[in-house]
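No lab work stands behind these numbers, since they all come straight from the coordinates. All values reported here derive from a predicted model rather than from experimental measurement. Glycine also receives a Cβ, built like all others from the backbone with ideal geometry; neighbour counts cover every protein chain displayed.
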Amino acid sequence: MDLERLHGLGVAIATPFKPASGPDDFGAGAVDIAAFRALARRLIAGGPASGGRGVDFLVVLGSTGEAATVTPAERDELVAAAIEEARRDGGKTPVIVGTGHNSTAQARELAARAAASGADGILVVTPYYNKPQPAGLEAHFRAIAAAAPGLPIIVYNVPGRTGLNLLPKELCRLMAIPEVVAVKESSGNLAQIGEILRTMPEGKKLFSGDDALALPAIALGGHGLISVTANILPAEVKALVDAALAGRRDEAARLHAALLPMTDALFLESNPSPLKAALALAGLCSDAVRLPLAPASEATRARLAELLPAFGLGK
């Protein structure tokens, strides 16, 4: 992949599920591949508010995509569908596939499968539960890189989910791996983001993993955002990221302020339950999530229903 195309707005795309048909569906039914394709097309196409410019890249099977509860067969189907939609009519939207696992052997297998599928890169979360030492963490990422030589890796730091915060000095060790080209930084710590950008090797990139911190992260020198909110408001989030990257400070601040209530509402509960509720209210897919996640509460739904009409969505 031309790494110049890995910039701007990426979307951690949701995985739509059909409603549960019985207790054996564990909260949701099969993957709704038709709804997934429609969601991907909507993100790639952009909209009037974005001047017809779609998002810059897709991230399939991240936290928002409920990768932890997707089967291997469903994973293959989703990756193939995303790549097909991204390449439709000569399109070149990069597709990044989440392949992280706390087992190095399984993470290697997932990385190799993503490479074989034609993915443009992979998103690899730091191992959860194991609590690896820095040496083990580096060996983990080197083993993954060896399983898919030349395939760009975005390291995913999300301590709220993994229990491990990847500190800037440890990230620098991973950035020495040629395949590691970027970090999705979701610590929520602006001071840490600033230190990463201060110490990061030339040519590597930082993407905010928190929608609400996209503007300050870019102001510190970040290269874009991997967004949850853009699933429902792709044109509006694209406009924010573009303005921030172009240094249009007043415009970016205005767009940030307009989006912040929606961003906050989408994180009233564990992601992606509120997002699925918003997508359902907008008529884009069902609100089904797989256990152990539960559907968003009525209070969260009411807040989302209150906000969506301002963006031309919902009732």
Simple SL model, points at 7 angstrom along Cα→Cβ for THR71 and ARG87; separation in nm is 2.6 nm
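Please state the charge dipole magnitude for the chain, taken about the Cα centre, from unit charges on C-beta atoms (+1 on K and R, -1 on D and E), reported in debye and rounded to the nearest 20.
Working: 30 positive and 32 negative charges, 58 e Å.
It comes to approximately 280 debye.
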Ordered by fewest other Cβ atoms within 10 Å, a rough proxy for footprinting exposure, ARG75, ARG248 read ARG248, ARG75
Once the dipole of region 3-247 is set up from charges on Cβ (+1 Lys and Arg, -1 Asp and Glu), the residue from the list ALA145, ILE83, ILE96 lying farthest towards its positive end is ALA145
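How much length would be gained if the chain were fully extended between SER270 and ALA219, taking 0.36 nm per residue of separation minus their Cα-Cα distance, in nm to one decimal?
Working: separation 51, 0.36 × 51 = 18.36 nm, distance 2.75 nm.
Full extension of this stretch gives 15.6 nm more.
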Check: in region 3-247 the Lys pairs 8 or more apart or on separate chains whose Cα atoms fall under 16 Å apart number 5
Residues PHE57, PHE267, PHE207, PHE26 in order from fewest to most other beta-carbon atoms within 10 Å are PHE26, PHE267, PHE57, PHE207
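For ARG198 and ASP24, calculate 0.36 nm times their separation in residues minus their Cα-Cα distance, and state this gained length in nm to one decimal.
Values: separation 174, 0.36 × 174 = 62.64 nm, distance 5.00 nm.
Length gained between ARG198 and ASP24: 57.6 nm.
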Mean separation of Cα contacts under 8 Å (at least 6 apart) over the residue count of the chain, i.e. the relative contact order in percent, is 19 percent
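Give me LEU110, LEU266 ranked fewest to most by other Cβ atoms within 10 Å of their Cβ, as a rough exposure proxy.
On the way: LEU110 25, LEU266 28.
Arranged by neighbour count, lowest to highest, LEU110, LEU266 become LEU110, LEU266.
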In vacuo Debye sum over C-alpha of the chain, base-10 log of normalised intensity I(q)/I(0) at q = 0.08, 0.12, 0.16 Å⁻¹, listed in q order, is -0.32, -0.76, -1.43
Full extension between LYS131 and LYS169 adds, at 0.36 nm per residue less the Cα distance, a length in nm of 12.0 nm
